[in-house]
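Undergrad: Pasting a structure below so you can have a look.
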Amino acid sequence: MRRLIPEPGEVSAEEAYADLGLERRAESLTRPYVIANMVMTADGRASLDGRTMAISSAADRELFHALREQVDAVMAGSATIAIENYGRLVRDEARLRRRAERGLEAQPLTVTASRSLELPRDTPLFTDAESRIVVLAGDSGEAEGLIVERVPGPDPRTLDLMAGMELLRERHGVRTLLLEGGPTLLAAMLEVGLVDELFLSIAPLLAGGGPEPAILEGPLREPAGLRLLSLLEDEGFLFARYAVGA
């Protein structure tokens, strides 16, 4: 893997994301410091045939797991959990050891959001005894056996994501959170200023038109500015790390 920015040279995936300093950036916040990770084709599609696997690579997955290794919590929409068939978030023994060395729980807390609490309870994630799950939800629905934080928005179609993030920090000790999508949840988090960094993998593929979503599905009142922090390349894939906003 080649690092192009800031200091050109050969690096391993582990070296590239060895210490992102996320906890330090969270110190002044009342909510978690949020990083988002997405993969897309060169023309902006977030999946092929409904899955991200077809536009991913070995290096992409290695970097993806390096991010999971460094956070208190991982957040994904309920549709993403179902489509990608989520299971236990960290399995590799070396990664578990490095999490312990950082003073982190063996498994990141899993966070999802659902207004109705209609959840993919048959996925491996929900049946795994070691996985801890918090659901940000509206006023309706029940989810037996799960921790539910009620954060209804101003109308029945929305959730108060800012209140949800503050509850995660206050009640569950979440300082750092990795947002893994999908595109609708990413747009909603960006819209209310809750994404601090974006890790974007760009596959050397063109998908063309069709039903596949873009990495953002939802309106933004204003474009979100990005500042490039680092750029990696491996077999034509580009891996960019951006600061979001001012």
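Derivation of every value follows stated rules applied to the coordinates shown; laboratory data play no part. What you see is a predicted model, and the numbers here were worked out from it, not measured in a lab. Ideal geometry is used to build each Cβ from the backbone, glycine not excepted, and the neighbour counts take in all protein chains shown.
Undergrad: What whole-number volume per residue, in cubic angstrom, does the convex hull of the C-alpha atoms of the stretch 18-163 give? Walk me through the intermediate numbers first.
TA: Working: hull volume 21.2 nm³, N = 146.
Value for the stretch 18-163: 145 Å³ per residue.
Undergrad: Which one of Leu232, Leu119, Leu20 has the biggest mean-square fluctuation once the chain is modelled by GNM with Cα springs under 10 Å?
TA: Leu20
Undergrad: Kindly list the residues of the stretch 129-162 that lie in the label zone of Val192, defined by a backbone N under 17 Å from the point 7 Å along the Cα-to-C-beta vector.
TA: Hits in the stretch 129-162 for Val192 at 17 Å: 134-140, 148-162.
Undergrad: With r defined as the distance between the Cβ atoms of Leu226 and Asp155 and R0 fixed at 25 Å, what FRET efficiency is calculated, to the nearest 0.05? Walk me through the numbers on the way to the answer.
TA: Working: r = 30 Å, r/R0 = 1.20.
Efficiency, rounded to the nearest 0.05: 0.25.
Undergrad: Continuing with this model, one more query. Amide H of Arg175: which non-local residues (sequence gap of 5 or more, or other chain) have their own amide H closer than 5 Å, using H built in the peptide plane?
TA: Answer set, sorted by chain and number: Asp72.
Undergrad: Hey, what does the equivalent ellipsoid look like for the stretch 163-246, semi-axes from the Cα gyration tensor as sqrt of 5 times each eigenvalue, largest first, whole Å? Numbers along the way, then the final one.
TA: Details: eigenvalues 128, 58, 33 Å².
Semi-axes from the Cα gyration tensor: 25, 17, 13 Å.
Undergrad: Let me ask you something else. Please check: in the Gaussian network model of the chain (C-alpha springs, under 10 Å), which one of Ala46, Ala73, Ala94 has the largest mean-square fluctuation.
TA: Checking each option, the largest mean-square fluctuation is seen for Ala94.
Undergrad: Under 10 Å, Cα contacts only: if you run a Gaussian network model on the chain, which one of Glu105, Glu93, Glu62 comes out with the highest mean-square fluctuation?
TA: Maximum fluctuation in the GNM of the chain, among the listed residues, is at Glu93.
Undergrad: If you take the beta carbon distance between Ala18 and Asp122 as r and set R0 to 35 Å, what does 1/(1 + (r/R0)^6) give as a FRET efficiency, to the nearest 0.05?
TA: Working: r = 37 Å, r/R0 = 1.05.
Plugging the Cβ-Cβ distance into 1/(1 + (r/R0)^6) gives 0.45.
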